[in-house]
Amino acid sequence: MKLIRGIGELVGIVQEGVLRKQGNQMDEVVSLKDAYLTIEDGLIDDFGPMAECPVPSSEDEVVDADGGMVMPTFCDSHTHICYAGTREREFIDKINGLSYAEIAARGGGILNSADLLHRTSEDELFAQTMERVNEMMAKGTGAIEIKSGYGLTTEDELKMLRVIRRVKETSPAIIKATFLGAHAVGRAYYGRPDEYVDLVCKEMIPAVVSEGLADYVDVFCDEGFFTTEQTVRILEAGIANGLVPKIHANELACSGGVQVGVRYGALSVDHLERTTDAEIEVLKGKRTMPTMLPGSSFFLGLPYGKAKDFINSGLGVALASDYNPGSSPSGDMRFVMALGCIKMRLTPAQAFNACTLNSAYAMGVSDMAGSITKGKRANLIITRPVPSLAFLPYCHQTPFIREVII
Ligand code: NIG
Ligand code: FE
């Protein structure tokens with residue numbers, strides 16, 4: 001047994017079986033002051049008030065939280081961290097006034113990363129990806145969804161997904177893999193998007209599935225990328241091969257991607273920098289988790305998703321980092337939580353739920369992560385003593401993390 005005692009506040013307690021929070025539930029964060037928690041075989045075994053703390057035996061490992069807060073690690077349900085090199089040239093182009101769409105239209109952006117990835121060995125790509133995973137874990141993230149989508153040929157998409165599988169086998173973090181062959185039209189198919197979609201549906205998806213390399217299928221359904229018709233074809237091919245959809249939608253325009261995602265039972269619809277009442281209406285009562293990525297709004301100067309409107313309509317929202325070289329070169333969920341509060345006007349409780357349980361839901365792991373619940377993975381952050389949960393997004397640049405247990 002591992003015993004954590006002297007916990008100033010144990011935060012994020014959720015009843016077993018609650019897999020997401022919606023509407024008013026997002027305001028609720030249950031905590032216990034002056035607490036202990038025990039871990040058995042990597043799982044949360046028990047917790048309670050210090051007055052009832054078990055007496056450890058000589059074999060038990062004891063950690064003293066010294067009055068710090070203990071909370072579940074963050075879950076990051078949307079990342080593109082399997083990439084080669086960096087793109088700071090485009091960063092400068094953006095400073096000088098080019099938009100994300102303009103850079104992409106000039107053959108930069110995702111295609112630039114695809115060229116770099118093509119020239120990078122599998123071992124090197126693995127090393128670079130693991131470095132990002134380790135950095136994210138040190139910043140408090142315990143579960144990460146990783147997308148392909150910088151391959152854009154069958155061979156290179158498989159290369160990425162094999163690297164992600166290796167990350168899954170190597171890292172103690174919970175990893176989920178998403179096939180995003182439809183991230184951009186591959187260079188060889190320039191001007192022939194429908195033929196590229198054929199390749200995705202008829203060659204890539206069957207190859208990915210036959211090696212068991214992906215949990216989810218995703219499409220960048222947005223202006224200048226893939227249309228709703230093309231998205232439908234890819235989702236149908238993915239579903240026929242046993243993959244659950246996730247969607248990139250409404251980053252550059254109201255694309256119709258949310259509606260398509262919901263119709264096909266997507267686990268999440270992501271980005272949503274732009275949304276109308278129609279998107280909110282269509283999401284009501286559905287399994288799909290609207291997921292917002294304030295790090296890319298921040299980096300690209302885009303509008304922030306209207307998370308409040310979703311919550312006021314009774315929906316849940318998740319927040320994720322979108323960590324990638326083009327629109328969000330950061331996987332720091334502390335910053336994401338702070339942006340949720342500062343820019344999207346979420347309360348600290350809402351932002352906390354969006355970054356933990358709801359983000360776990362959006363990557364299909366909320367039965368094993370995202371809250372303090374008996375039987376879940378003991379993926380935990382121990383903070384230095386902090387006055388309250390609100391301190392975390394408020395003083396987000398203060399290094400409040402003392403230790404991360406994964
Ligand atoms: O989620 N929007 C599409 N894909 C990424 C950006 C990828 C890139 O620019 O490399 C995103 O923002
Ligand atoms: Fe993305």
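The values are calculated or read from the model by the stated rules, or taken from the named source; none is laboratory data. All of these numbers come straight from a predicted model, not from anything done at the bench. Cβ atoms come from the backbone with ideal geometry, glycine included; neighbour counts cover every protein chain shown. Surface areas here come from the heavy atoms of the whole protein model, side chains and all, with no ligands, DNA or RNA. Shrake-Rupley method; radii C 1.70, N 1.55, O 1.52, S 1.80 Å.
A few comments on the model shown:
- Between MET50 and ASP198, the modelled labels are 6.9 nm apart [label points 7 Å from Cα along Cα→Cβ].
- Estimated FRET transfer efficiency when R0 is 30 angstrom, pair GLU88-GLU124 (beta carbons, to 0.05): 0.95
- Separation of alpha-carbon centers, segment 100-148 and segment 263-280, rounded to whole Å: 25
- CYS395-ALA138 pseudo-label distance in nm [points 7 Å out on the Cα-to-Cβ vector]: 2.2
- Using the Cβ-Cβ distance between THR228 and SER58 with R0 = 45 Å, the FRET efficiency computed as 1/(1 + (r/R0)^6) comes to roughly 0.10.
- Rounded percent of accessible protein surface that carbon and sulfur make up, segment 74-362, 1.4 Å probe: 52
- Fully extending the segment from ARG402 to GLU102, taken as 0.36 nm per residue of separation minus the present Cα-Cα distance, adds 103.8 nm.
- Annotation: amide H of THR141 within the under-5 Å range of PHE74, sequence separation 5 or more or interchain, hydrogens built in the peptide plane.
- Every pair of different Cα atoms in segment 74-362 enters the Kirkwood calculation, which places the hydrodynamic radius at 18.5 Å.
- Helix runs (DSSP H) in the chain reaching 15 Å along axis by Cα, Kyte-Doolittle at least 0.0: 228-240
- Note: relative contact order over segment 175-234, using C-alpha pairs below 8 Å and six or more positions apart, is 49 percent.
- Mean Cα-pair separation over length for the chain, i.e. relative contact order, pairs under 8 Å, 6 or more apart, %: 21
- Stretching the chain fully between ALA253 and THR276 yields a gain of 7.2 nm (0.36 nm per residue, less the alpha carbon separation).
- For the chain, calculated [θ]222 nm from helices alone, where every DSSP H run of n ≥ 4 adds -39500 (n - 2.57): -9500 deg cm²/dmol
- Two-site FRET efficiency, LYS343 against ARG263, from Cβ-Cβ distance with R₀ of 25 Å, rounded to 0.05: 0.25
- Per residue, segment 74-362 exposes an accessible area of 34 Å² to a 1.4 Å probe, with every protein chain left in place.
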